[in-house]
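For reference, the structure discussed in these notes is given below.
The values are calculated or read from the model by the stated rules, or taken from the named source; none is laboratory data. Values in this document were obtained by computation on a predicted structure and should not be read as measured data. Counting neighbours? That spans all protein chains shown, and the Cβs are built from the backbone with ideal geometry, glycine included.
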Amino acid sequence: MAPGAWTATGIRAAVAAGDLSAREVCARCLDRIAAVDGRLHAFTTVLEDAALARAEEVDAHRGAWRDRPLLGVPVAVKDIICTRGAPTTAGSRILAGYRPPYDATVVTRLLDAGAVIVGKTNCDEFAMGSSTEHSAYGPTRNPWAPDRIPGGSSGGAAAAVAAALAPVSIATDTGGSIRQPAAFCGVVGLKPTYGRVSRYGLLAFASSLDQIGPLTRTVEDAAAVLQVLAGPDPRDATTAEEPAPAMADLLPGNVGGTRIGVPRAALAAGVDAEVLDAFNAALALLAERGAEVCDVDLPHMQYAVPVYYLVAPAEASSNLARYDGVRYGHRAALHDAAAGVPEMYARTRSEGFGAEVKRRIMLGTYALSAGYYDAYYVHAQRVRSLIRSDYDAAFAGVDAIAMPTTPTPAFRIGERIDDPLAMYLGDVFTVSSNLTGLPAISLPAGLTRARLPLGFQLIGRPFDEATLLRIGDVLERDAPWRDERPPVSA
Amino acid sequence: MELEPVIGLEIHAQLLTSTKIFCGCSTTFGAPPNTHVCPVCLGLPGALPVLNRRVVELAVRASLALGCDVQPVSLFARKNYFYPDLPKGYQISQYDQPLATDGRLQYESEGRQVDVRIIRVHLEEDAGKSLHEGFAGSGRATHLDFNRSGVPLIEIVTHPDLRSSAAAADFFSRLRTMFRALGVNDGNMEEGSLRCDANVSVRPAGAERLGVKVEVKNINSFRYLQHALDYEYERQTGVLRAGGAITQETRLWDVAGGRTLPMRSKEEAHDYRYFPEPDLPPLEVSAEWVAAIAESLPELPEARKQRLVSEFGIAERDAAWLAQSADATSYFEAAARAAGNAKAACNWIMGPVGRYLNEHGVEIGDLRVGPERLAELVALVEEGTISTSAGRSVFERMAQSGASARSVVESEGLAQIDDTDLLGAAVREVVDGNPDAVASYRGGKTGTLGFLVGQVMRRTGGKANPRTARAMLLDILGGGH
């Protein structure tokens, strides 16, 4: 099996059958990371020894664990998800050297499924960013074009899968952080319904928006990993009782009679021509396979970005208060003995947080302050429910809503770093599914003339990831770009 | 111009659960520092709260007992502030949609009926504890103990309906009694499981408008509450009488100095930036659940008091005292039934029994004289076998030895002289020896009879049955009054 063809389902089958040992798979994975990641910087930590030891454990239990759905599958975990005893930095200096004493629920579930965690992937600090340039540990490069960003905040996760450093990455999506880098790197990125996957052990950015999901090379892999991650967790009160869907029945998908809505009005301006072309080509392909494509109206979608940039920073300002230098993480050295605790807080947080995080903490603190709360936070929450109503109304007539994942392909490193507004506006198509909690997937939709990947996004009804995966499987199977690979060689 | 104090209370009560409000850590007091902790109550990155169902049950119990409406849906909110013993940088509390609202507590204080309206009862988590002494490096460094972090609390907020420090202290004390009876709080103020802040202002008596309020924190006993309120009343009236103005501020009760000290001014007040807690879904309490909890409530002190008055015909004040404790109430009920005389049983419990308990620091449940034994003693006194004063000493013996009343009376020879032959000599001697008193009685001063009875008692060493002696004296004196 060539590394480029590696999929979770393929590896699992080979390991279960005894054709490959988990150790061999893991070693190849680590070799490839060693060979390639110096240029990409997808990983903040590679867990070589732990991964090999774990792979050997899997091999030792191969008989008993035969039915485990991710047997021997190497998985990269975004560095904002807790892995016991292994560094978990959230891309921040304030957590340099921090090793959590417990595993996130998703990590426990991956291990129970037989997976091998190979490392932690780079991200924008506390997932705040759309380019992975806001990592305290340096940017990640796009495997398709090393002078460009891989997207963010899960840039490392997307780059790792695109460059075949791991068949699966687990990441988080608060405003598009799985889907946008998936689009920019040409892989599949799934943000499940809010409440579908436990957030226990995810370092919170915006608690009402954060959701964990997979980045994979294939839709089939996304389905397999979602099944492992999904389901209620007694440690997360916001998980839904909804049992994990039985994905095995979904694939191969077909779209005969499936109604797909397109918010044409929202695509009228500000979208790159090549992005629109690719989007329309994907729609045409689905229509050819039997889908019914029609227009839908999402009148409040234009407010999604401003609403998002009030709600998310407000929650973040509170979620990040715990990084105060008292119990763990970075603590500023105080040379003045007379300096008190408030001084320690101020210095620790000034030194520990990067510019984007500080910007959002200040925005959020302001939005929650006495005298502004009603005008900003409360108002934003009201518009948020209007946006959700738009979607509910639209889903009365369609099974899924399609739009491009991003208005442009990946931009150059440094291009938007000093223009936060331009950076934020790039989230126009992704933030609304976080505000509404709806599931959404980004699927590869071909390449631009400059060979930069583009994403085709589908948004579904609550807990109806199945429809998204079914449509995605059709698109993937029949798309002319299915065998395109980034120019990264070991 | 008379100035009256206007007082409202905010009381924090720790709920008697075995585990914390949002995690499974133990709530046991006194464990070595940081041994009852986990990622959740330490606020480690990524940890999430999950609400303890038992906490809600106990809070609903307390709310129902305070006559509150339990809300079908309430919301948790984050109260944001930085403090080293607050591990998440926010406290999970409830804000604009609390668990329960609009209750009231009515009681008697200083002979007056007091009616205190409860604004709200809400749930929240406790913070950790800063330890400034007792460790190597103390003096240079503060140590933190997070065992208390995440311990469940309810906060009870009253309207400013209290008009005296005594009434406020009574409120606090009644709440404690009630919560103990309900099993929602252990009432242990030294361990901090019941704490009180007071809002106090003064205004011309009877005025409508409230004065500028001062919040006094750190009060952990009824006595301190009364002292702190008295101090604040004096301080504020002093300021006003001197032509000054009260500034809105938070003050701290200084136990050692017996005074309140400024803590922070209104300008320094925190902006807590409350917003709904996104990690916890709205708390839904169904009508069925509330009904089931209401069903399980024990009889509360107020209801118990009413019942004792109507069922046994005892005085309200006595009933109120008995009703404060379930043990005292059932002791009384058993004694009253066995003695067939509720008022006498009540007088004994309020008198000699209560005194004995106080002097010896014994709980009524641990008293060696059970209610049936007390009833026997009461009967011996009532039927005149022994005098009331002899009965008191018999009780002391019983309490110490555990013996029955009858055996103490017999072994001590305390039975009263009821025999008219035996008493006759003593009565005759008293009549002969006190001609003035006899004359005075015959002249119409009937009150002298008591003196003469007393003389007979004295001659018999207290063993005479006073009723018999009195009848015999009347015979001789020709009274028939």
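For segment B:411-418, indicate whether the set of residues that are within 16 Å of B:D475 (Cα to Cα) and either within 37 Å of the chain's Cα centre (by Cα) or among the acidic types (D, E) (or both) is non-empty. Yes, there is a match, as at least one residue in segment B:411-418 is within 16 Å of B:D475 (Cα to Cα) and either within 37 Å of the chain's Cα centre (by Cα) or among the acidic types (D, E) (or both). Restricting the search to strands (runs of 3 or more DSSP E) fully inside segment A:38-124 and requiring at least 2 residues that are more than 14 Å from chain B (Cβ to nearest Cβ) and in contact with a Gly (Cβ under 7 Å, 6 or more places away or on another chain) gives A:43-46, A:116-121. A:G152 fulfils the conditions (1) outside any loop (DSSP other than H, G, I, E, B); (2) within 12 Å of the chain's Cα centre (by Cα); (3) more than 14 Å from chain B (Cβ to nearest Cβ); (4) over 30 Å from B:L75 (Cβ atoms) except for a single criterion, (1). Of all the criteria given as (1) farther than 23 Å from A:P245 by Cβ; (2) at pLDDT 95 or above; (3) in a helix (DSSP H, G or I), the one not satisfied by A:T406 is (3).
Just wondering, is there one or more residues in segment B:245-260 that are surrounded by 14 or more Cβ atoms within 10 Å (Cβ to Cβ), assigned by TED's automatic domain parsing to the domain that holds B:G183, touching a residue at least 60 places away in the same chain (Cβ under 8 Å) and not small (G, A, S)? No: segment B:245-260 contains no residue that is surrounded by 14 or more Cβ atoms within 10 Å (Cβ to Cβ), assigned by TED's automatic domain parsing to the domain that holds B:G183, touching a residue at least 60 places away in the same chain (Cβ under 8 Å) and not small (G, A, S). All told, B:L75 falls short of being modelled with pLDDT of 95 or more, crowded, with 20+ Cβ neighbours inside 10 Å and closer than 25 Å to A:A316 by Cα. Quick check: anything in segment B:1-16 within 14 Å of chain A (Cβ to nearest Cβ) and under 26 Å from the mean Cα position of the chain (by Cα)? Scanning segment B:1-16, I find no residue that is within 14 Å of chain A (Cβ to nearest Cβ) and under 26 Å from the mean Cα position of the chain (by Cα), so the answer is no. Residue-level check: of (1) more than 23 Å from the chain's Cα centre (by Cα); (2) surrounded by fewer than 20 Cβ atoms within 10 Å (Cβ to Cβ); (3) assigned to a loop (DSSP other than H, G, I, E, B); (4) hydrophobic (A, V, I, L, M, F, W, C), A:L298 misses just (2).
Listed here are the residues, each with its yes/no results for (1) at pLDDT 95 or above; (2) among the polar types (S, T, N, Q); (3) under 23 Å from A:A422 (Cα atoms).
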{"residue": "A:K120", "(1), (2), (3)": "yes, no, no"}
{"residue": "A:F126", "(1), (2), (3)": "yes, no, yes"}
{"residue": "A:S131", "(1), (2), (3)": "yes, yes, yes"}
{"residue": "A:A136", "(1), (2), (3)": "yes, no, yes"}
{"residue": "A:P150", "(1), (2), (3)": "yes, no, yes"}
{"residue": "A:A159", "(1), (2), (3)": "yes, no, yes"}
{"residue": "A:S169", "(1), (2), (3)": "yes, yes, no"}
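Those strands (runs of 3 or more DSSP E) of segment B:90-166 in which at least 3 residues are modelled with pLDDT under 95 and of a type outside the set (F, W, Y), considering only elements entirely within it, cover B:100-109, B:112-125, B:129-131. Given the condition surrounded by 20 or more Cβ atoms within 10 Å (Cβ to Cβ), closer than 18 Å to A:L20 by Cβ, at pLDDT 95 or above and β-branched (V, I, T), answer yes or no: does some residue in segment A:36-50 qualify? No. Among the residues of segment B:132-149, are any within 14 Å of another protein chain (Cβ to nearest Cβ), farther than 23 Å from A:M344 by Cβ and among the small types (G, A, S)? Scanning segment B:132-149, I find no residue that is within 14 Å of another protein chain (Cβ to nearest Cβ), farther than 23 Å from A:M344 by Cβ and among the small types (G, A, S), so the answer is no. Every test in (1) within 30 Å of B:E277 (Cβ to Cβ); (2) within 14 Å of another protein chain (Cβ to nearest Cβ) is passed by A:A339 save one, and that test is (1). Give me the residue from segment A:351-379 that is part of a loop (DSSP other than H, G, I, E, B) and touching a residue at least 12 places away in the same chain (Cβ under 8 Å) and, out of that set, farthest from the other protein chains (Cβ to nearest Cβ). Top of the filtered list is A:G354.
Checking the stated criteria, B:R203 turns out not to satisfy the condition of being under 30 Å from B:A326 (Cβ atoms), basic (K, R) and not assigned by TED's automatic domain parsing to the domain that holds B:S330.
Consider segment B:263-275 and keep the residues that are over 36 Å from the mean Cα position of the chain (by Cα) and at pLDDT 95 or above. The one that is nearest to the other protein chains (Cβ to nearest Cβ) is B:R273. Taking B:G244, is it more than 27 Å from the chain's Cα centre (by Cα) and either of a type outside the set (A, V, I, L, M, F, W, C) or within 14 Å of another protein chain (Cβ to nearest Cβ) (or both)? Against the criterion (more than 27 Å from the chain's Cα centre (by Cα) and either of a type outside the set (A, V, I, L, M, F, W, C) or within 14 Å of another protein chain (Cβ to nearest Cβ) (or both)), B:G244 qualifies. With A:V311, A:V305, A:V326, A:V275 as the choices, which residue is within 11 Å of chain B (Cβ to nearest Cβ) and in a helix (DSSP H, G or I)? The unique qualifying residue is A:V311.
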